[in-house]
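Peer 1: This is the structure I want to talk about, given as structure tokens.
The values are calculated or read from the model by the stated rules, or taken from the named source; none is laboratory data. This one's a predicted model, so the numbers in the text were calculated from it and none came from an experiment. We place every Cβ from the backbone using ideal geometry, glycine too, and count neighbours over all the protein chains shown.
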Amino acid sequence: MTSIPACPRCGRAPLTALRVAYTRNRWGGGGPRPRPEQWWECPACGWVGYRDTETAPLTTMRRPEGGEADCFFCGEEDGNVVSEPWRQEDGELRDWIVCLHCGTSNQRRVRPPAGG
């Protein structure tokens, strides 16, 4: 049984579990398959994030704005969430984008801010 964590931003408990499943490219007509992570949202402050296992720490994602918020794969408006960027060993800056509607995810190259 999955324990329901409290919100890391506002402390409200419990968070609302989100069902995020792969719905695209289901070869052979198979039904949606759940993503391996546990996804959560706070109904009080809007925090959204995930954890890899029941005992792993929560990882915060952000809701992007504008066209970046819409899924490039399924077209769902405001379906995407994005991780904090990280630097690869080769120095390249990347982030991870996930559509909460169709479950599709992708690592992306991140351009540094202008002047940065």
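Peer 1: Which one is surrounded by the most Cβ atoms within 10 Å (Cβ to Cβ) among residues in segment 1-33 that are assigned to a strand (DSSP E or B) and of a type outside the set (Gly, Ala, Ser)?
Peer 2: Applying the first criterion (assigned to a strand (DSSP E or B)) to segment 1-33 yields 16-18, 21-22, 33.
The next check asks that each one be of a type outside the set (Gly, Ala, Ser); those that pass are 16, 18, 22, 33.
Numbers: Thr16: 13, Leu18: 16, Tyr22: 18, Arg33: 11.
The residue in question is Tyr22.
Peer 1: With the structure loaded, tell me whether Pro36 is in contact (Cβ under 8 Å) with a residue 40 or more places away in the chain and assigned to a loop (DSSP other than H, G, I, E, B) or whether it fails that test.
Peer 2: On the way: in contact (Cβ under 8 Å) with a residue 40 or more places away in the chain: no; assigned to a loop (DSSP other than H, G, I, E, B): yes.
So Pro36 fails the test.
Peer 1: Shifting gears a bit: Is there a residue being free of Cβ contacts under 8 Å to residues at least 12 places away in the same chain, out of contact with any helix residue (DSSP H, G or I) (no Cβ under 8 Å at 6 or more places or on another chain) and among the hydroxyl-bearing types (Ser, Thr, Tyr) anywhere in segment 56-63?
Peer 2: Step one: list which residues in segment 56-63 are free of Cβ contacts under 8 Å to residues at least 12 places away in the same chain, which gives 56-57.
Remaining after also requiring out of contact with any helix residue (DSSP H, G or I) (no Cβ under 8 Å at 6 or more places or on another chain): 56-57.
After this cut, where a residue has to be among the hydroxyl-bearing types (Ser, Thr, Tyr) as well, the list is none.
Checked against the condition, which is being free of Cβ contacts under 8 Å to residues at least 12 places away in the same chain, out of contact with any helix residue (DSSP H, G or I) (no Cβ under 8 Å at 6 or more places or on another chain) and among the hydroxyl-bearing types (Ser, Thr, Tyr), segment 56-63 yields no hits at all.
Peer 1: Out of Glu37, Glu92, Glu41, which single residue is under 10 Å from the mean Cα position of the chain (by Cα) and of a type in the set (D, E, K, R)? Walk me through how you get there before you give the answer.
Peer 2: On the way: Glu92 fails: under 10 Å from the mean Cα position of the chain (by Cα); Glu41 fails: under 10 Å from the mean Cα position of the chain (by Cα).
Result of the check over Glu37, Glu92, Glu41: Glu37.
Peer 1: Which condition breaks for Cys102 when tested against (1) crowded, with 19+ Cβ neighbours inside 10 Å; (2) assigned to a strand (DSSP E or B)?
Peer 2: Every condition holds for Cys102 apart from (2).
Peer 1: From the list Gly46, Gly75, Gly67, Gly91, which one is out of contact with any helix residue (DSSP H, G or I) (no Cβ under 7 Å at 6 or more places or on another chain), exposed (fewer than 14 other Cβ atoms within 10 Å of the Cβ), part of a helix (DSSP H, G or I) and free of Cβ contacts under 8 Å to residues at least 24 places away in the same chain? Break it down stepwise before answering.
Peer 2: Details: Gly46 fails: part of a helix (DSSP H, G or I); Gly75 fails: part of a helix (DSSP H, G or I); Gly91 fails: part of a helix (DSSP H, G or I).
After applying the criteria, what remains is Gly67.
Peer 1: Can you tell me which residue is nearest to the chain's Cα centre (by Cα) among those in segment 78-88 that are surrounded by fewer than 13 Cβ atoms within 10 Å (Cβ to Cβ) and closer than 25 Å to Pro8 by Cβ? Show your work before the answer.
Peer 2: Of all residues in segment 78-88, those surrounded by fewer than 13 Cβ atoms within 10 Å (Cβ to Cβ) come to 84, 86-88.
In the following step, the residues that additionally are closer than 25 Å to Pro8 by Cβ were identified as 84, 86-87.
On the way: Glu84: 11, Trp86: 15, Arg87: 18 Å.
So the residue we want is Glu84.
Peer 1: hydroxyl-bearing (Ser, Thr, Tyr), in contact with a strand residue (DSSP E or B) (Cβ under 6 Å, 6 or more places away or on another chain) and at pLDDT below 95, is that true of Tyr22? Break it down stepwise before answering.
Peer 2: Details: hydroxyl-bearing (Ser, Thr, Tyr): yes; in contact with a strand residue (DSSP E or B) (Cβ under 6 Å, 6 or more places away or on another chain): yes; at pLDDT below 95: yes.
The answer is yes for Tyr22.
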